[in-house]
Amino acid sequence: MNWVKLLITSGQALMQHKLRTGLSMLGIVFAVMAVIAMLAMAEGAKRETLEQIGQLGTQNVIVRQAALTQGQEAAARERLSRGLRQDDAALLERLVPGVAAVAGLKQVRAAVAAASKDDPLEVLAVTAAYPRALSLDLAQGRFIAPLDVLNKNQVCVLGWESSRLLGAQGVLGGMVSLEDRPFLVVGILRERRWVKGKSAAIAARNYNRAIFVPLGAQPAPRLGDKREPELSEILLRMAQAEQVSPAAAVARQVLMQSHGGFEDFQVVVPQELINQAQRTQRVFNVVLFGIAGISLLVGGIGIMNMMLASVSERTREIGIRRAIGASAAHIAAHFLGEAVLLTLGGGLMGIVLGMLGVLVINMAAGWKSVVTFWPVALSLGMAVGVGILSGLYPALRAASLDPAAALRHE
Amino acid sequence: MAQRAPLAALRELCQDLLRPAALPQAAAEPPAGQPLVLAQGLCKFYPTQYGQVEALRGLDLTMAGGEYLAIMGASGSGKSTLLTLLGCLDRPSRGSYHLAGQDVSQMGDRELSRLRANHIGFIFQTFNLLPQLTVAENVALPFLYRQQSPELVKNQVEQAIIRVGLGHRQDHRPAQLSGGEMQRVAIARALAIKPWLILADEPTGNLDSQNSQAILALFQELNSQGVTLVVVTHDPQVAARAGRTIHLLDGRPLGAPEQAP
Ligand SMILES: Nc1ncnc2c1ncn2[C@@H]1O[C@H](COP(=O)(O)OP(=O)(O)OP(=O)(O)O)[C@@H](O)[C@H]1O
Ligand SMILES: [Mg+2]
């Protein structure tokens with residue numbers, strides 16, 4: 001059989017009834033369009049989430065000091081818990097198996113001279129292991145050394161944007177004043193990509209706007225400020241990614257003990273957040289494909305209906321074609337070809353319209369939806385599948401017509 | 001309408017596609033040394049819900065290449081049924097039919113179709129052109145179902161159209177033609193494949209006498225050029241042009257002895 005010629009014949013038959021063809025295509029067009037657009041949005045959202053979570057470090061376990069209500073604070077005092085402390089960090093380093101580095105961090109509320117009040121820079125008091133845990137890269141100078149922490153040296157390391165904002169002071173060897181105390185700039189970080197987090201649990205710090213000082217060297221809290229825990233965050237860097245979950249469990253137990261059984265902290269495992277996000281995504285995809293499947297089914301039934309009507313309408317033509325040499329297989333190929341061309345065309349149109357829709361939505365809403373290869377391939381595959389399924393029965397009916405009887409048909 | 005179950009059709013189709021092709025080769029000329037048409041005890045029964053209709057009840061027919069045969073008979077006597085059998089559109093219920101030495105009664109759908117595509121031209125009372133196609137496209141239609149180089153197809157199609165005198169209407173659609181012209185397009189479509197056998201079922205039934213005369217003249221001209229023709233007709237004038245006439249009555253040639261069914 002000459003498949004190309006047969007397909008062309010099928011295409012010509014479709015072109016003969018453009019309106020009918022177009023209308024019966026619509027179901028497939030919309031189904032595919034919805035799949036493409038929604039999967040693109042889902043994919044964009046997923047990538048964004050994963051990127052955000054990824055910023056926290058997939059090999060890390062993060063222990064955060066919880067924000068306590070007054071009642072909780074009283075309870076904590078009762079149990080003799082003083083929140084996250086450097087002792088906790090030391091304990092975790094000793095007791096959690098597979099830990100490569102432990103870093104402590106304290107968020108410091110301090111006025112930075114020369115920085116704008118509305119958009120303050122973040123002062124972070126950290127231990128020397130901190131940059132390793134987060135893979136911070138230096139552009140110039142050095143990071144805070146263990147000795148700086150020990151001696152409470154008045155030095156600081158600037159994030160890329162902080163350095164720019166501080167102007168003449170924000171250069172290597174410059175002096176940055178925090179709460180009127182001068183800190184010597186010993187290092188400047190390279191610029192780092194940062195995505196604003198959607199929720200507090202996955203929010204990552206913007207290190208570009210940070211000023212790092214040695215833990216303990218930070219200006220003391222002002223008078224009248226309430227007492228704060230020694231650390232706001234302990235970061236555990238694991239040697240291997242698989243160790244994060246068991247390490248998180250151990251860390252939790254250790255801290256519960258040292259905090260007198262009061263849970264005034266929160267253990268965050270970015271890798272688990274990622275897994276969770278992916279699970280949610282999968283559920284969403286299954287639901288989406290269910291909906292798309294139903295629309296395709298409905299579209300397919302419409303096409304089948306149209307094809308069946310077309311077969312009986314063209315019975316005479318089938319008889320003529322049979323008389324001049326078409327075999328049953330030729331006739332089946334004609335009609336099957338029509339159904340597949342119809343759904344394939346609908347699928348292609350759906351893909352193009354879906355992509356256009358994604359573009360428009362991205363521009364209008366500022367989203368980062370992305371059309372990836374798989375949804376496109378899958379939609380086309382499904383469209384062709386629907387064409388074959390909905391065309392097969394009409395094609396077989398056409399093929400099984402008795403040629404002589406079809407010729408007699410009025 | 002007669003319709004086999006689609007599932008049976010699917011099975012037949014798959015078998016047809018899977019069977020190694022024992023297909024007759026497309027020879028330009030029928031093999032010499034045997035009759036072109038050899039039918040013996042040809043029967044065709046149609047099962048209906050009211051019982052079996054015996055459309056053809058034992059017919060012997062032998063035709064040599066180049067013959068011009070007319071078939072006459074009352075309505076319902078089995079003329080069209082005979083043509084569908086001779087034209088390999090259907091297999092006989094009983095009896096045998098050899099076309100140029102090949103046993104048609106044993107062939108599957110694919111082989112029958114191949115025979116029709118390569119060697120048989122049909123002409124109908126109602127012309128049976130496809131209205132959406134132009135004259136040239138209609139004439140080229142049989143070539144969709146056989147293998148041939150495009151240049152050759154173009155050539156043969158053009159020749160056939162010129163031969164029936166419609167060279168100037170190649171791009172017209174059937175709706176723009178008169179009945180006589182449409183029938184000539186149908187003749188061109190049958191001629192284009194250079195068939196062994198042309199079968200015409202009341203070709204002048206829908207035409208006025210002037211157009212009928214023209215078509216008959218064309219038949220005679222084709223026959224004189226060696227084309228084998230079978231024409232079914234009610235019109236004695238048409239039959240008079242043929243070299244031989246057989247009369248059917250109730251599915252049997254007139255004068256043939258009664259056979260046990
Ligand atoms: N598919 C079929 N199913 C049942 N009966 C059929 C079928 N085809 C033909 N017949 C019957 O077979 C008989 C012969 O039909 P056929 O069409 O061959 O007659 P015909 O000689 O061509 O008649 P006409 O001159 O009216 O065309 C008729 O009685 C017809 O009803
Ligand atoms: Mg008839």
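General remarks:
- Segment B:54-94 - residue that is in a loop (DSSP other than H, G, I, E, B) and within 12 Å of ligand 2 (Cβ to nearest atom) and, of those, farthest from the other protein chains (Cβ to nearest Cβ): B:74
- Scanning segment A:142-174 for residues that are over 34 Å from the mean Cα position of the chain (by Cα), surrounded by fewer than 16 Cβ atoms within 10 Å (Cβ to Cβ) and outside any loop (DSSP other than H, G, I, E, B) gives A:146, A:147, A:150, A:151, A:167, A:168.
- If only residues of segment A:393-410 that are of a type in the set (Gly, Ala, Ser) and either in contact with a Ser or Thr (Cβ under 6 Å, 6 or more places away or on another chain) or within 11 Å of ligand 1 (Cβ to nearest atom) (or both) are counted, the one that is nearest to residue A:340 (Cα to Cα) is A:406.
- Residue check, residue A:12 in a helix (DSSP H, G or I) and touching a residue at least 12 places away in the same chain (Cβ under 8 Å): no
- Within segment B:39-53, if we keep just the residues that are assigned to a strand (DSSP E or B) and of a type in the set (S, T, N, Q), the residue that is nearest to the chain's Cα centre (by Cα) turns out to be B:40.
- Any hit, segment A:287-305, residues being under 30 Å from residue B:140 (Cβ atoms), of a type outside the set (Lys, Arg), touching a residue at least 40 places away in the same chain (Cβ under 8 Å) and in a helix (DSSP H, G or I): yes
Residue-wise test of (1) without any contact (Cβ under 8 Å) to a residue 40 or more places away in the chain; (2) over 18 Å from residue A:30 (Cα atoms); (3) in the same structural domain as residue A:293 (by TED's automatic domain parsing); (4) under 20 Å from the mean Cα position of the chain (by Cα).
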{"site": "A:355", "(1), (2), (3), (4)": "no, no, yes, yes"}
{"site": "A:361", "(1), (2), (3), (4)": "no, no, yes, yes"}
{"site": "A:370", "(1), (2), (3), (4)": "no, yes, yes, yes"}
{"site": "A:373", "(1), (2), (3), (4)": "yes, yes, yes, yes"}
{"site": "A:384", "(1), (2), (3), (4)": "no, no, yes, no"}
{"site": "A:389", "(1), (2), (3), (4)": "no, yes, yes, no"}
{"site": "A:394", "(1), (2), (3), (4)": "no, yes, yes, no"}
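Yes/no matrix, rows are residues, columns are (1) out of contact with any His (no Cβ under 7 Å at 6 or more places or on another chain); (2) of a type in the set (Ser, Thr, Tyr); (3) within 30 Å of residue B:82 (Cβ to Cβ); (4) away from chain B (no Cβ under 13 Å):
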| site | (1), (2), (3), (4) |
| --- | --- |
| A:358 | yes, no, no, yes |
| A:391 | yes, no, no, no |
| A:396 | yes, no, yes, no |
| A:404 | yes, no, yes, no |
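- Tabulated pairs, segment A:157-180, first free of Cβ contacts under 8 Å to residues at least 40 places away in the same chain, second in a loop (DSSP other than H, G, I, E, B), C-beta under 6 angstrom, 6+ apart or interchain: A:163/A:170
- For segment A:316-332, a residue qualifies if it is within 54 Å of the chain's Cα centre (by Cα) and at the interface with another protein chain (Cβ under 10 Å from one of its Cβ atoms), and the qualifying residues are A:327, A:328, A:329, A:330, A:331, A:332.
- Hits in segment B:121-155 - residues which are assigned to a helix (DSSP H, G or I) and within 11 Å of another protein chain (Cβ to nearest Cβ): B:137, B:138, B:139, B:140, B:141, B:142, B:143, B:144, B:145, B:150, B:153
The values are calculated or read from the model by the stated rules, or taken from the named source; none is laboratory data. Note that the structure is a prediction, hence the values are computed from the model and not measured. Here the Cβ is made from the backbone with ideal geometry for all residues, glycine too, and neighbour counts use every protein chain on show.
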